[in-house]
Amino acid sequence: MLLKELSEAFGVSGHEDAVRQLILDAIKDRVDEYNVDALGNLIALKRGTGPSQHKVMVAAHMDEVGLMILHIEKEGSLRFHPVGGIDPRVLLAKKVLIGDDKVPGVIGMKPIHLLEPKERQRVVKDQELHIDIGTSSKEETEKLVKIGDYAAFDISFRELGGELRTVKGKAFDDRVGCAVLVELLRTSYPVDLYAAFTVQEEVGLRGARVAAYSIAPDLAFALEGTICDDLPKKRDISPTTKLGAGPAITIMDRSVIADRRLVQLLVDTAEKNGIPYQFKQPGLGGTDAGAIHLSREGVPSVVVSVPARYIHSPACLLSLNDFDNTVRLMRESLAKVNELDLSR
């Protein structure tokens, strides 16, 4: 399963090489052209089956959140800085792999027996954590790890099953979007489709900005793995998204207000084809669409996401039913894009 390979691949922001190679191997025989730009974005063109009224960009980012090694202590442990948004509460005792050689390590801190009462009542800071790779000196560690190396969470992909066909893995934000986009490239469409597998989304939507400027699309879809907080709460609060309820369509987040014509296209397509869908709770998160819609003279954009529990943590959960329905919704919508009137 490609999603398994993508989830387990090492690809923290700025070091997406392994992920890009997996995707390139999967799509190179399905597209008409492809190139890797100066920042590392993989951009592929699948030409339309007829006269293309619109140049369509579909983007998914390859990078994941992780850590960067900042300092090696004299006893051999490693200090680090987060790459992307990571809550320190999810880090303690987690396994990581460091650098190109995938050196295994464990994130640790002072044991509970030595904590002062006040320390037990607050969230630990990144600066108080370290990575232990089992060495006993700085010199020994320096033979295995260097300053600037990346560390990614070490977790295997696993199918949990059930009615939702739930799977567990890391980096579903946004390897699931990449997997959806690869599936979309199995089909031909009436429009010229530019598939952009972007870099460095987690540190400021950087790759998407460059890719959108290069492609100069008439409209764009961003594919994501998004927040799912559908577990029980003390108060009756609507979840951001719900696992198993279908692809999530964004109306607004912190980076973009989605183009209403594209939102309506997705909704009409879902209802016509009996595809379950949901709206992501407005105002939360940000995606590559935030950079794409501001490119050049502006690009009408929308976001379609696969809900995933516990994103930006070592282990995420998603439903393969949602994955399949996202592919269905995007395929049917892309087939209708030529009918859109983008004039104001």
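Bear in mind these aren't lab numbers, they're just calculated from the coordinates by the rules spelled out. Note that this is a predicted model, so its numbers are computed, not measured. Every residue, glycine among them, receives a Cβ derived from its backbone with ideal geometry; neighbour counts consider all protein chains shown.
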Within segment 15-32, can you find the residues that are closer than 17 Å to Leu193 by Cα and either part of a helix (DSSP H, G or I) or among the charged types (D, E, K, R) (or both)?
-> Ile23, Leu24, Ala26, Ile27, Lys28, Asp29, Arg30, Asp32
Could you list all residues from segment 263-291 that are over 19 Å from the mean Cα position of the chain (by Cα), of a type in the set (Gly, Ala, Ser) and not in a loop (DSSP other than H, G, I, E, B)?
-> Ala270
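If we keep just the residues of segment 80-112 that are among the charged types (D, E, K, R) and outside any loop (DSSP other than H, G, I, E, B), which is surrounded by the fewest Cβ atoms within 10 Å (Cβ to Cβ)? I'd like the intermediate steps shown before the answer.
So in segment 80-112, the residues among the charged types (D, E, K, R) come out as 87, 89, 94-95, 100-102, 110.
Those left that are additionally outside any loop (DSSP other than H, G, I, E, B): 89, 95.
Details: Arg89: 9, Lys95: 13.
Of everything passing the filter in segment 80-112, Arg89 is surrounded by the fewest Cβ atoms within 10 Å (Cβ to Cβ).
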Is segment 66-75 home to any residue that is surrounded by fewer than 17 Cβ atoms within 10 Å (Cβ to Cβ), without any contact (Cβ under 8 Å) to a residue 12 or more places away in the chain and touching a helix residue (DSSP H, G or I) at 6+ places or on another chain (Cβ under 9 Å)?
-> no
Where Thr49 falls short, out of the listed (1) out of contact with any Cys (no Cβ under 6 Å at 6 or more places or on another chain); (2) not in a loop (DSSP other than H, G, I, E, B) | (2)
